[in-house]
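Input: a single structure, listed below in structure tokens.
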Amino acid sequence: MERDTLTIKTPKQGHSIVIKTYLTGREKRKVLSVFTKEMKIELVGGQPKPEGMNASLVENYENSAINETVISIDGNIDDLINRILDMPSEDYEFTLKEIYKVVNVSAFEEKKTI
């Protein structure tokens with residue numbers, strides 16, 4: 001089955017970035033697994049208590065989200081993470097915002113508050 005895609009254009013340099021319009025459950029689980037790998041949890045009275053997290057959590061999360069969401073940049077499928085990181089910050093932030101819409105970070109935040 002072919003996946004629907006969305007082409008976005010970065011505001012500063014006009015890069016054409018093709019992203020998936022949704023993630024499968026497996027892909028989303030892979031992105032969110034960064035949290036379980038990077039967080040330290042201690043059991044206190046039989047209850048999990050966050051103890052801390054690795055400083056690399058945000059970087060690893062962004063890399064995982066890029067890997068699972070971005071298909072190509074300007075028609076090229078190679079070295080996507082580094083190519084996004086090398087963009088001007090305006091383009092980088094725009095791209096991450098669009099990626100987060102696909103990953104649906106807000107849904108994860110809602111689950112935490114229930």
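No lab work stands behind these numbers, since they all come straight from the coordinates. These numbers come from a predicted model, not from an experiment.
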**Prompt:** Over the chain, what relative contact order in percent results from Cα pairs under 8 Å that are six or more residues apart?
**Reply:** 29
**Request:** Could you list, in their original order, any pairs among K20/K49; K20/K40; K9/K40; K37/K101 whose Cα atoms are separated by more than 29 Å?
**Result:** K20/K49; K20/K40; K9/K40
**Item:** Mean ellipticity per residue at 222 nm, deg cm²/dmol - from DSSP H runs of n ≥ 4 across the chain, formula -39500 (n - 2.57)
**Value:** -15500 deg cm²/dmol
**For Rg/Rh (Cα atoms, Kirkwood Rh), calculated from these coordinates, the label among (1) 1.07; (2) 1.21; (3) 1.04** = (3)
